[in-house]
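Below you'll find the structure, written out as structure tokens, and then a few comments.
The values are calculated or read from the model by the stated rules, or taken from the named source; none is laboratory data. All values derive from a computational prediction rather than experimental measurement. Note: ideal-geometry Cβ built from the backbone for every residue, glycine included; neighbour counts use all protein chains shown. Ligands, DNA and RNA are stripped out before the accessible areas are found, and what is left, the full protein with its side chains, is counted by its heavy atoms. Shrake-Rupley method; radii C 1.70, N 1.55, O 1.52, S 1.80 Å.
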Amino acid sequence: MDWSLLQILFWLIAGAVSFYFSIGNARVWTSIAVGFFLILVGEVIPQAISFLPGADIPQVQAMAYIVGTISILVMSHGFQEYYVFSRTLELEGKKRFVYLTTLGVIGASLVFILINPVPTEKTLRIIRIVENTNWVFLSLINIDLIRKIYINVKDSPIGKGFIAFMAVFVFIFLWKGSQLYIQVYDLDLPGMANLYPLRYQLSEVVGNIGNLLAGLSVGGTFLYLARLLR
């Protein structure tokens, strides 16, 4: 089964909803929503190589993976901010600072890629492993952090939204964890895939289902929260 088109479709919807949500709601949501929006850039470009002209350029692929790493860092920072806000009701900074800082980090990353040698397949693989490692461990940390946020806001109308966010990160953990497992054990290489076909196929299926459910749940969670915060 070809999962790519469905995954791209769900992330296009999730990315659009996340960005719209970041514009229309309070500053405390900005980093969270922007982080999820950036998954769109980090996911659509690698999967759409056969559809987008120039998407197979090594520098473009490297930037897609780097943006994927930036996205989990930005949203993790957002959940940390929300946890502090849920305890103190205090928040510093302005919405535009989040956008400008994120663009600045992406711009600096682009400069770094452009001034260095063209990434080889090995380099791209390492960058991808770094991205997936960040996603796996920060997903676990975010699940615990969101649990703590939920304890603080469970009596508010948006409490159930944080339960949905925990589910989102469970799906992301399955998705990125499966990819990391395949990469660490080289199961995507022809020789290894033939030696361990069941492990490779099972990891692929779990990763694809996790990806699909993550995109679907992100869009659904932000739509649910948008309705509650109107």
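Side notes on the structure shown:
- Applying 0.36 nm per residue to the separation of Lys154 and Ala193 and subtracting their alpha-carbon distance, the gain on full extension is 9.5 nm.
- Ranking of Leu216, Leu198 by solvent-accessible surface, largest first: Leu198, Leu216 (1.4 Å probe, protein heavy atoms only, all chains present).
- Take every pair of alpha-carbon atoms less than 8 Å apart whose residues are at least six positions apart; their mean separation over the length of the chain yields a relative contact order of 24 percent.
- Estimated distance in nm for a label pair at Ala108 and Arg147, the labels positioned 7 Å out from Cα along Cα-to-Cβ: 3.3
- Measuring r between the beta carbons of Tyr99 and Ile129 and using R0 = 22 Å, the FRET efficiency lands at 0.15.
- Using a Gaussian network model of the chain in which every pair of alpha carbons under 10 angstrom is joined by a spring, one finds that among Asp188, Asp155, Asp56 the greatest mean-square fluctuation is at Asp155.
- Taking every protein chain into account, the accessible area of the stretch 188-230 amounts to 61 square angstrom per residue (probe 1.4 Å).
- Selected from Ser156, Ser86, Ser109 as most flexible by GNM, with the chain as the system and alpha-carbon contacts under 10 Å: Ser156
- Here the dipole of the chain is about 720 debye; that uses its Cα centre as origin and unit charges on the Cβ of Lys and Arg (positive) and Asp and Glu (negative).
- With contacts taken as Cα pairs under 8 Å at a separation of at least 6 residues, the stretch 93-230 carries a relative contact order of 24 percent.
- Surface share of carbon and sulfur [accessible, 1.4 angstrom probe, percent] for the chain: 69
- Ranked from largest to smallest solvent-accessible area, with a 1.4 Å probe on the protein heavy atoms, Lys154, Lys122, Lys148 come out as Lys122, Lys154, Lys148.
- For the pair Val118 and Leu73 in one chain, pulling the backbone fully straight at 0.36 nm per residue adds 13.7 nm over the alpha carbon distance.
- Between Glu92, Glu204, Glu131, the residue with the greatest mean-square fluctuation in the GNM of the chain (Cα pairs under 10 Å linked by springs) is Glu92.
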